[in-house]
Amino acid sequence: FSTQHLSSATWFSHFCASARRFKSLAPPSSQTAVRSTSGDSLVRRLGLFDLILLGVGASIGAGVFVVTGTVARDAGPGVTISFLLAGTSCVLNALCYAELASRFPAVVGGAYMYSYSAFNEITAFLVFVQLMLDYHIGAASISRSLASYAVALLELFPGLKGSIPLWMGSGKELLGGILSLNILAPVLLALLTLVLCQGVRESSAVNSVMTATKVVIVLVVICAGAFEIDVANWSPFAPNGFKAVLTGATVVFFSYVGFDAVANSAEESKNPQRDLPIGIMGSLLVCISLYIGVCLVLTGMVPFSLLSEDAPLAEAFSSKGMKFVSILISIGAVAGLTTTLLVGLYVQSRLYLGLGRDGLLPSIFSKIHPTLHTPLHSQIWCGVVAGILAGLFNVHSLSHILSVGTLTGYSVVAACVVALRLNDKKGRESSNGWTSSWQEGVICLVIIACSGFGAGVSYRFSASVIFLLLSVGVAVIASAALHYRQAYAQSLGSGFRCPGVPIVPCVCIFFNIFLFAQLHYEAWIRFVVVSLLATAVYALYGQYHADTSTMIYQRAPESDSDSG
């Protein structure tokens, strides 16, 4: 018994030591130099314009033609404010992403890699698993939507109308609804995976053409609709009050998700330290402008109470005798879903590449094709997983448990900015003093996250305003403690610096977790269950196979020259 107890204690000690490891990354200049000269590196072919189109391609899908009208039915013309509030929140998150992308400009992995450097190995692995589940289910769901829109576009031709079978479009249910067969969705996934395997230049070209197509169509829709606006439809602007506008902001927040894809292209950007922050912010500002333009046109053309729920924009133009715009909207929806799916598959493969290099996943995911310069095995794996899910299951029914990974990732990235700024000043303090300061900062961040969840639950279930104010008050006190108790160093290097640290990251964390509380309760269960399963996988595989060549087992002060 004593030997078994000792063995268990030794295993647990090893697990705790491994989980606390964090990655020490080189300064930006040496990161770029190392990767560009190594044989397993990707090829730097993405310019600034490519990165902006990458972000826009990931963010604007068919939702620009549907979500705007759906939310407007409750918020009225105030949906414009909903998109503006959500966009502002995303801009704050983007500022955090921009600093870290500039700080680590030559490292793939995005939120996973940032949390690996700022916190520890187990946190990074949990972030990856939560993100990846969102990506896999999301890719399958989008591919099914793309198949449905493609079939709808084909049925515009008289000879094909009503003759395309269900298993090509929406799916044919089998075994009492347990399975839902769809052939077209896996075929579309296979085609996009093939494009991505050919190289970043080819996939970027496809994304650029499709993104430009949908942006032009959105601009045409805005311009055509602008001549049909009746300003009387904008009054009252918020017919159901500000709460409906705020609730709308929590819904449309996810319409902006995708700008973080730019951060995952660090190793393929020509000038990452300069271009990544501009690409992240630029793509987000383009999306905000387009969404607000569509909202103003839609609510100005038709009274909000008469908007259709399924195809509000298309029916709004049809009611004005402009049916040709409906055809453009269908084409725009296909182009939008194609780019969203393409960029999603691209980001997945780069995340797998990062974990394969670090040893947390089998090394096959880290292999780069010698001539195509793409992570071929990772890319094919992502396509196969999404293809199986899309071909056999009605993954739309799982949409209510999505966005957990996104909100978790955004919150951790914001926390990384604060943690790394604290990390930057360690060379000026003693070991004990710096460790205590860093731990105090992390505790404050956790308190802010818990306060955001408490405020979100209070708002969701219409609890007494006292509970809401109490949660906000605790978050304000924790943020004030972070601001006044800590002396923040400037971010190392000459790249972009997020303004207002730590207040901006604190606001991001609070609002992201507030949104997390608005998700279906099954999403909360999914977060806990997936985290436990991911911890088990890490305990059985990851902790033993991680590449420890750049690992540090405990936080201690280093000289400024070693920081980064």
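The values are calculated or read from the model by the stated rules, or taken from the named source; none is laboratory data. Because the structure is predicted, anything quoted here is derived from the model rather than measured. Cβ sites come from the backbone with ideal geometry, for glycine too, and all protein chains shown count toward neighbours. Accessible surface is based on the protein model in full, side chains and every heavy atom, while ligands, DNA and RNA are left aside. Shrake-Rupley method; radii C 1.70, N 1.55, O 1.52, S 1.80 Å.
The table that follows gives values for the structure above.
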| read-out | value |
| --- | --- |
| Solvent-accessible area per residue for region 215-278 (1.4 angstrom probe, square angstrom) | 41 Å² |
| Whole-Å distance, taken between Cα centres, linking region 344-401 and region 155-169 | 32 Å |
| Ile509, Ile466, Ile81, ranked by accessible area, largest first (probe 1.4 Å) | Ile466, Ile81, Ile509 |
| For region 32-165, accessible area per residue (1.4 Å probe, heavy atoms of protein chains only), Å² | 29 Å² |
| Equivalent-ellipsoid semi-axes of the chain, from the Cα gyration tensor, Å, largest first | 39, 28, 23 |
| Tilt relative to the chain, helix 431-460 - C-alpha long axis, 0 to 90 degrees, to 10 | 30 degrees |
| Value at 222 nm in deg cm²/dmol, rounded to 500, when DSSP H runs of n ≥ 4 in the chain each add -39,500 (n - 2.57) | -22500 deg cm²/dmol |
| Listed peptides 145-158, 403-416 by packing density, highest first (mean Cβ within 10 Å) | 403-416, 145-158 |
| Distance from region 202-241 to region 505-553 (C-alpha centre basis), Å | 36 Å |
| Rounded to the nearest 20 debye, dipole of the chain from Cβ charges on Lys, Arg, Asp, Glu | 400 debye |
| Rounded percent of accessible protein surface that carbon and sulfur make up, the chain, 1.4 Å probe | 69 percent |
| Label-point separation, His14 to Ala152 (7 Å along Cα→Cβ), nm | 5.5 nm |
| Degrees separating the helix 404-424 axis from the principal Cα axis of the chain, which is the longest one | 40 degrees |
| Rg/Rh (Cα only; Kirkwood hydrodynamic radius) as it applies to region 52-103 | 1.08 |
| Simple spin-label estimate for Asn240 and His520 in nanometres, 7 Å along Cα-Cβ | 2.0 nm |
| Total lysine pairs whose alpha carbons fall under 29 Å of each other in the chain (8 or more apart, or interchain) | 12 |
| Linear extension gain, Arg201 paired with Thr88, 0.36 nm per residue minus alpha-carbon span | 37.5 nm |
| Charge dipole (debye, nearest 20) of region 261-364; +1 at Cβ of Lys and Arg, -1 at Cβ of Asp and Glu | 200 debye |
| Extended-chain gain in nm, criterion 0.36 nm per residue less alpha-carbon gap, Thr371 and Val187 | 63.7 nm |
| Model label zone, Ser319; criterion: amide N under 14 Å from point 7 Å along Cα-to-beta-carbon; scope region 48-80 | 69-70, 72-74, 76-77 |
| Stretchable slack from Val220 to Ile477, in nm (0.36 nm times residue separation minus alpha-carbon distance) | 87.7 nm |
